Structure formats: structure tokens, C-alpha cells
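Take a look at the structure below.
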Amino acid sequence: MVMRKINEEVLYGKFISKKGKEKNEPVSDISAGTMSVTGESNVLVAYFSLTNNRVYTADEMDAVSSASLKIEDGTGYGHAELLALAAQEVTGGDIFPIKVDDLYPETYGGAFDRHHSETGTSIRPELTEHLESIENYDTVIIIYPNWLSSMPVPVLSFLEEYDFSGKTIIPIATSQALGLGSGPEQIAAACPDAVVADGLSARSEDSVKEFLTKAGLAK
Ligand SMILES: Cc1cc2nc3c(=O)[nH]c(=O)nc-3n(C[C@H](O)[C@H](O)[C@H](O)COP(=O)(O)O)c2cc1C
């Protein structure tokens, strides 16, 4: 497994520092990640984003200091979250944000250290929200940020909670550079009776829409 500490400035500066004017724009609302289950679709989009899983300081609530947030219409969204919303839009599927009870630290270094201590172990952070059932879904799209070439461990908490037998799971990753990493293998290990389809290392919301449309999942 690659254990490379990525430069914090590069990582967090990616989406915001190029557009200097956005840097200090006030964020009226940081997305809390909202579950939407209609029971009308056989597609589930489940995602993990640091944005709805980390501590925020009072200063951050007033001014964006972390580029893990992307600003759209005055609201800060995580990258995985924006991809999940695009997947939901194109598939008409239900959406489930994977959220932990014990939030990750606000700094990249803090999140890195905690992930380092969790990944590859039997630790499974407790989730705050749960689905009643996943029986109705044939296809489950898992969207995650690449963390040290692996998935954030709460995604495993989610995958190990339900029975994915016979379902098709599609991995989609957002990353600074390393793409899907070992996510597909981790999903296959956690859900041995599911079919893990070819995944996507997503560069944009449009790339997700195009990929899922080609996969025949557009509503
Ligand atoms: C703890 C941590 C570890 C990361 N490790 C990697 C990595 O190994 N490779 C990579 O390309 N990106 C890495 N990233 C960058 C994230 O994958 C990327 O910023 C992603 O778009 C964040 O999505 P989010 O805003 O939904 O959390 C890491 C980010 C964090 C916070």
C-alpha cells in the first residue's frame, strides 16, 4: 500500500487557490449531507466526503480556509459529494451520505493520521445514519475520496453493515492524482457475493454523468 504523505497545500489548494477571489468568500452553509430515499429507484448512490465528516472551527464557518470544500451558490460541498449529486441526478437514484459519529480532525495532517491508524485494521467507525434495507437496489454506486490509495474506513463500516449479495457495485473515486487506488479490491473483499463493476477515477461531475450514461444507468 502506498503511504505517501501528500503536501497539504497542494491537496487542499487544488480547487480554490487558483481562483484567488473565492478564497475568502463567506460560506453561508456547509453541506451536512442529506439522505434521500424515495423507494422508487433500484439505484443507490452512497458516498463519503470529508466535508460532512470533519470538525469545523468557528473561523471556517465564516470564511473558507479548506479547499476540501467547493463553493457553489454560497454552499460548501465536498468533492465526492458533488460527484454523488451528479450521479443521483443522472440515475434518479436514492442518495446516502456515509457519516461518522466521531468526526475527523479539521486539518489534513489530523485526517491523515487518523486514517493511517484505521486503515488495514479491524476498526470500523460508527455511522450516524443507517438504511432500513438495501433490498430494493440492484446497483450501488460507491463514491469515495482516495485516501492513501485506499477508501476512508467508514466506507467499510457501510459495506459491512448490509448484504450486497447479487448486487452490482460501481466504485467511483475522487483524488488528487491516484484515482481508484485499492478501493475496488476493498469493496470486493467486503462484499464477496457482489459483482464489482469497472469503476471510474472521476475528474468532474460531467465525467460521472457520461460514465453512468454509458453504463446504461441514466434514468
Ligand atoms: C487524509 C487524506 C489522504 C489523502 N490521500 C490521497 C492519496 O493518497 N492520493 C490522492 O490522489 N489523493 C489523496 N487525497 C486527496 C483526496 O482524495 C481529494 O482531495 C478528494 O477530492 C477529496 O474529496 P472530498 O472533498 O469529498 O473529501 C487525500 C485526502 C485526505 C484528506
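The values are calculated or read from the model by the stated rules, or taken from the named source; none is laboratory data. Nothing here was measured: the structure is a model prediction, and the numbers come from that model. Don't worry about glycine lacking a Cβ; one is built from the backbone with ideal geometry, like all the others, and counts go over all protein chains shown.
How many of the residues making up region 68-83 are in a strand (DSSP E or B), farther than 21 Å from residue 112 by Cβ and either within 8 Å of the ligand (Cβ to nearest atom) or touching a residue at least 12 places away in the same chain (Cβ under 8 Å) (or both)?
3
Output the residues belonging to region 108-149 that are near the ligand (Cβ under 10 Å from one of its atoms) and without any contact (Cβ under 8 Å) to a residue 12 or more places away in the chain.
Hits for region 108-149 are 110, 113, 114.
What are the residues in region 108-129 that are of a type outside the set (D, E, K, R), under 19 Å from residue 52 (Cα atoms) and out of contact with any strand residue (DSSP E or B) (no Cβ under 9 Å at 6 or more places or on another chain), if any?
If the condition is that a residue be of a type outside the set (D, E, K, R), under 19 Å from residue 52 (Cα atoms) and out of contact with any strand residue (DSSP E or B) (no Cβ under 9 Å at 6 or more places or on another chain), then 108, 109 are the ones that fit.
Being among the β-branched types (Val, Ile, Thr), over 17 Å from residue 185 (Cβ atoms) and in a strand (DSSP E or B) is the filter here; which residues of region 125-142 pass it?
139, 141
What's the number of the only condition in (1) crowded, with 20+ Cβ neighbours inside 10 Å; (2) of a type in the set (Ser, Thr, Tyr); (3) in a loop (DSSP other than H, G, I, E, B) that residue 122 fails to meet?
Answer for residue 122: the failing condition is (1).
Any chance you could count how many residues in region 17-51 are exposed (fewer than 13 other Cβ atoms within 10 Å of the Cβ) and modelled with pLDDT under 85?
Total meeting the criteria: 8.
Could we say that residue 105 is modelled with pLDDT under 95 and surrounded by 12 or more Cβ atoms within 10 Å (Cβ to Cβ) here?
Against the criterion (modelled with pLDDT under 95 and surrounded by 12 or more Cβ atoms within 10 Å (Cβ to Cβ)), residue 105 qualifies.
Which members of region 84-119 meet the condition of being under 30 Å from residue 216 (Cβ atoms), assigned to a helix (DSSP H, G or I) and touching a Phe, Trp or Tyr at 6+ places or on another chain (Cβ under 7 Å)?
Hit for region 84-119 is 84, nothing else.
Would you mention how many residues in region 169-208 are within 17 Å of the chain's Cα centre (by Cα) and part of a loop (DSSP other than H, G, I, E, B)?
Residues meeting the conditions: 12.
Count, please, the residues in region 94-137 that happen to be out of contact with any helix residue (DSSP H, G or I) (no Cβ under 7 Å at 6 or more places or on another chain) and within 12 Å of residue 46 (Cβ to Cβ).
Selection size over region 94-137: 7.
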